Amino acid sequence: MGRLEIDRLRKTFGRGGDKVEAVSELSLSVADGELLVLVGPSGCGKSTTLNCIAGLESVTEGEVVIDGEVVTEKRPEDRDIAMVFQNYALYPHMTAAGNLEFGLKMTTDLSAANRRERVESTAELLDIGELLDKKPKSLSGGQKQRVALGRAIIRDPAVFLMDEPLSNLDASLRSTMRTEIQQLQDDLDVTTVYVTHDQTEAMTMADRIAIMYEGELQQVGQPLECYYRPRNKFVAEFIGEPAMNMLRVTRRGDQFVADGFEYPVPERADGLPSGEPFTLGVRPGAIDIVEPETGVATGTVEVVEPLGETSHAHLNIADTTVTVTTDGPGSVEEGTQVDIDFPAQRAHLFDAGSGVAVARRDGLPGDQTESYPNPRYD
Amino acid sequence: MAGSTDTTVDGRRAGISWSRIRRYGYDGLTYLVYALAIAFFLFPVLWVLSLSLRTEGAVYTSLELIPSDPSLGSYREVLDSGILGWMGNTLFVAVLSVTGILVVTTPAAYGFSRFRFRGRRTLLLAVLGFQMISPIVIVLPLYEIMRTLGLTESHAGLVLLYIGLQIPFSLWLLKGYFDTIPTELDKAARIDGCNRLQTLRYVLLRPVMPGIAVVAIFNFVLTWSEFVMAYTMLSSGGEGLYTLSMGIYVFDNQLATQWTNVAAAAVVGIVPIIVFFVALQRYFVRGLTEGAVKG
């Protein structure tokens, strides 16, 4: 069991005029066995939140509850958690086995033989049996990461905390380890809070993602829900690669208009006031290149980035850059004029001032329900 | 056609030979500077060794580095004069001082490196400020304090003085070394159930060992050869309390200075330090450079 609840967590650093609020009024609930990814840009408060859960940072206000027990004032070792760090943080003078065993030695009264047994079974699980007698210095990045994972697993904690565990690995190894961690988390069924700034990791690994910005929680939900139904402009731009195109538009009657761009107001946005400015967002993958004179805007192709199966074309539409994901090579050429269009369901609208999403789409692609409930955790 | 090819080839050859000459020139110059530096530092040591192996008469008459009529007589005389006792005293004082310095500065450096507390910067600067004061300037007040405490004419008093005087430098050096060790190790240790002291003892002490070795070697060498403080605190206490540097001074101060004996005593005093330093210089160099570069 490992249900984690964070209730109105606030963390400030410094005093007086230098006071910085790293996390403000954060409330989150992570179900038993769930993998929640905390994602956001550098300095958004995600690592501070993780440190507060771990007990490595004191909490300014609010509570951390694990399995119904308030642990806010407890020391890290009394919280039934284990943590994996970005730079592995393996003890350099101990062998891999020593690193795995150390936590058991300090927190349990298991006999040396029992500890050794646990070390061996953990090593077997992670396929690091032959590395047990080696010191961290002689291990590769991936091997170090496995040992660091083993050090967390061996404690059999209620909650795993992972602080950007893959960001020191090269791209190919990162993708392999991503799958392995997911598999491991599934097998062990341990509640996990995983911090990353990499939205690909967040999207692919998470049961749910929690997106943070400037210490505040922006949205919590299943990855696809955050992708298709972002709650605000920040989430819309942060999730998805390449980033969502944003156009400043004004409603005039039944059209959203901007320089060189006109788009019929979708049915769901009928209630929005006329004459007001909005931000219209559309993902590069949602835009189609259409026959001349049939699109909602015409743009000049300035740069094409070929990626193989697809290309990213950067269009200039009345001095605004719009990125379009097109088919592979040859579909568009630099310097030509093209027309674009996109379905109303894929248009996102945000309040021009606050950035809050207005007239959000219902449901997700291929989903007929009004909203998108999380079958496992809602 | 052939002529132009020759020119090209010749030109290239000429270029290679010039670059080689330049490189050899630089190398030669580097070695020359090294040789001069080594000679500058080594010559006095070799000269003392040479003096110690001469007869007293040859000290004034010969300029040979290698004595034509070497004698171990002065060594015999020096060893009979109580120098072994003085060496014992020095070893006792040096070991206790180094131990004391490490016991105080290791946890202090850990604290200054890891905790952010009110007045931390001021305290660190105050410690640095103390380091700026030459011990010679405060030797008289220190003597007065030690006399009031009844700690003059005792090795314990001298050890306390050495510890106090050497804390600032040692603390800064060790703190710089602790700063190079990632704080994630502390966090991992806390998650693994260590309190702060256990974190220091089980997790950080080993990685910081090269830094500790530097502090130990540096202070050992310093206390082994220190004279002013030792003389001030111990000179009225009789020869039995003397440290090595004071003992050599005694030879120097005899009615007719026996230079061969002074030289032999100096050699006897230097040898353990050289052995100690050569044995541990790997740690010394590593510790100094790591602390300096990353700290």
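Values in this text are rule-based calculations from the coordinates and carry no lab data. All values derive from a computational prediction rather than experimental measurement. Cβ atoms come from the backbone with ideal geometry, glycine included; neighbour counts cover every protein chain shown.
Just a few scattered comments:
- Here is what passes the span test in chain A: the DSSP H helices with alpha carbon length of 15 Å or more along the helix axis and a Kyte-Doolittle mean of -1.0 or above are A:96-107, A:112-126, A:141-153, A:171-188.
- In chain A, lysine pairs closer than 30 Å at Cα, eight or more apart or cross-chain: 19
- Neighbour net charge for A:Glu77 - beta-carbon separation under 10 angstrom, K R +1, D E -1: +2
- Unit charges at the beta carbon, dipole of the protein assembly as shown: most positive-side option, B:Met229, A:Leu173, B:Ala94: B:Met229
- Dipole moment magnitude, nearest 20 debye, chain A about Cα centre, only Lys, Arg, Asp, Glu C-beta charged: 1380 debye
- Each Lys and Arg Cβ is given +1 and each Asp and Glu Cβ -1; about its Cα centre, the protein assembly as shown then shows a dipole of about 3220 debye.
- Between the alpha-carbon centres of the range A:177-212 and the range B:154-203 there is a gap of 38 Å.
- Antiparallel bridge percentage (DSSP; both residues within the protein assembly as shown; nearest 5): 75 percent
- Relative contact order of chain B: 29 percent, from C-alpha pairs under 8 Å at least 6 residues apart in sequence.
- Counting only Cβ charges, +1 for Lys and Arg and -1 for Asp and Glu, the dipole size of chain B around its Cα centre is about 1720 debye.
- Taking Cβ atoms as reference points and 12 Å as the exclusive limit, the residues near B:Ala109 contribute a net charge of +1, counting Lys and Arg as +1 and Asp and Glu as -1.
- Among beta bridges from DSSP that stay inside chain A, the antiparallel ones total about 75%.
- Per residue of peptide B:178-191, the mean number of Cβ atoms on other chains within 10 Å of the residue Cβ is 6.
- Nearest-0.05 FRET efficiency for B:Ser154 and B:Tyr31, computed from C-beta distance (R0 45 Å): 0.35
- Net charge of Cβ neighbours under 10 Å - reference B:Gly193; Lys, Arg +1; Asp, Glu -1: +1
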